[in-house]
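Following: one structure in C-alpha cells, then a few remarks.
The values are calculated or read from the model by the stated rules, or taken from the named source; none is laboratory data. In this text the structure is predicted, and so the values were computed from the model without any measurement. Please note: Cβ atoms are built from the backbone with ideal geometry, for glycine as well, and neighbour counts cover all protein chains shown. Accessible surface is based on the protein model in full, side chains and every heavy atom, while ligands, DNA and RNA are left aside. Shrake-Rupley method; radii C 1.70, N 1.55, O 1.52, S 1.80 Å.
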Amino acid sequence: MAINTAHLIYFSPTGTTRRTLEAIVTGIAPTQIHHHNLTHNSANSPLQISSGIAIIGVPVYAGRVPADCLHRIANFKSDNVPTIIVALYGNREFEDALVELRDVATTQGFSVIAAGAFIGEHSYSTPENPIAAGRPNADDLKLALTFGQQVAKKLKNRDFNTPEIEGNVPYKERVKFGGLAPETNEENCTLCGKCAEVCPVEVITVSDSVKTDAAHCIMCCSCIKNCGFNARAFNHPVIQERTELLVNNCAVPKTPKIFI
Ligand SMILES: Cc1cc2nc3c(=O)[nH]c(=O)nc-3n(C[C@H](O)[C@H](O)[C@H](O)COP(=O)(O)O)c2cc1C
C-alpha cells in the first residue's frame, strides 16, 4: 500500500514532539505532508481526515495527555485512517499518556496501528539544571525514522492491527495546573512580544510591561525557551524544587519504546 499523504497532528510548545514526528514521517516517505499544528490553534476548525496516514503527537504532562490537547484533537474526525500515536516525555515516565492518546484517537475514528513513547528535553530543563538536554538527539531521530519505515512496511503488508500499548486504564488522576507561571526579568526584556506570540494558551500580554495570567498558565515553558533575551524563567520555589528532583532522579537516559 503506497502512502501518498501523511497528516501530522501535534501540540508541541517546545518543539520536541514536532521534531520527532518529522523524523517518523521521513521514514514513511509519503509524497505529501500536511502539518496540523495545534500548538497555537485553540480554535482549530473541524477537520475530517479521510485518506493517507495520520501521526498524532502530544507531550506528556504529569503522565497524561495535556487537557488542552484533548480539546484540540477533538476537532478532528477520521474514518479509520491508519494512525501512529506518539507521546513525548522528558525522561521521567510516560505513564498513561499513550493509552489515553490511543483512546482519544480511536474515539475520533482514527485506526491506531502503531505507537511510540519518545524522549525530549524536559520543559523544565535549563543549562544549570539539565534534564534530557538536547533530546531528541541523533540516535532518537534515527530510531524515529526506523519506526516510520517499520510502520510503512506494516501498511504494505496490509496489517492494520492495534498493538498492545503500555499504560493503565483507568488513567492516573489528572494533575490540575494553574497558579504558577514563568516570570519576566525586566532588565533583560525588550518587550518584543515573542513570549505572547508563542504562548499556546494566550495568557501573556505585552504593553509597557509583560503580564502573565498565572491562573491559566499550563507551565509548558514555550515562553522561556523561545525568548531570545533570556528574560523569562520559572523562579517559583515549587518549580525549582521539582526541577532539582528531576535532575537527580531522571539522569539515566531512557530509550524510546515502540509498540507495533
Ligand atoms: C507541566 C508539565 C508536566 C510534565 N510532565 C512530565 C511527565 O509526567 N513525565 C515526563 O517524563 N516529562 C514530563 N514533562 C516534560 C515534557 O513531556 C517534555 O519536555 C516534552 O518533550 C515536551 O514536548 P514539546 O517539546 O513538544 O513541548 C512535563 C512538562 C510539563 C511542562
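Below, the figures for the structure above:
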item	result
Cα shape, region 95-219, gyration tensor, a/c 1.5 rule	prolate
Accessible area expressed per residue, region 32-75, with surrounding protein chains retained (probe 1.4 Å, Å²)	40
Compactness of region 182-260, expressed as Rg and Dmax over alpha-carbon positions, Å	15.4, 52
Solvent-accessible heavy-atom area per residue, rounded to whole Å², over region 162-260 at 1.4 Å	62
Within the chain, helix-based [θ] at 222 nm, where runs of 4 or more DSSP H residues each add -39,500 (n - 2.57), nearest 500	-8500 deg cm²/dmol
Prolate/oblate/rounded label for region 36-117 (Cα gyration tensor, a/c 1.5)	oblate
Of all DSSP beta bridges in region 77-225, antiparallel share, percent nearest 5	25
Charge dipole of region 59-175 about the Cα centre (unit charges at C-beta), most positive-ward option of I131, L70, Y171	L70
Cα gyration tensor category, rounded, prolate or oblate, for region 24-163 with a/c compared to 1.5	oblate
Accessible area of the chain belonging to carbon and sulfur atoms, whole % at 1.4 Å probe	50
For the chain, diffusion coefficient by Stokes-Einstein and Kirkwood Rh (Cα), 4 °C, 1.567 mPa s, µm²/s	69
Charge dipole magnitude, Cβ of K and R +1, D and E -1 - region 183-243, Cα centre, debye nearest 20	200
Contour excess over end-to-end distance, with Cα ends at N248 and N185 and 0.36 nm allotted per residue	20.0 nm
Filter on K156/K176; K225/K254; K154/K254; K153/K176; K153/K225; K142/K176 - keep pairs with C-alpha separation over 32 Å	K156/K176; K153/K176; K153/K225; K142/K176
Most to least accessible of D96, D213, D103 (protein chains only, probe 1.4 Å)	D213, D103, D96
Lysines with Cα under 21 Å of K172, excluding same-chain neighbours fewer than 8 positions away	K257
Beta bridge orientation in region 1-152: antiparallel %, DSSP, nearest 5	5
Cβ-isolated cysteines (cut-off 4.7 Å), the chain	C69, C189, C192, C199, C217, C220, C221, C227, C250
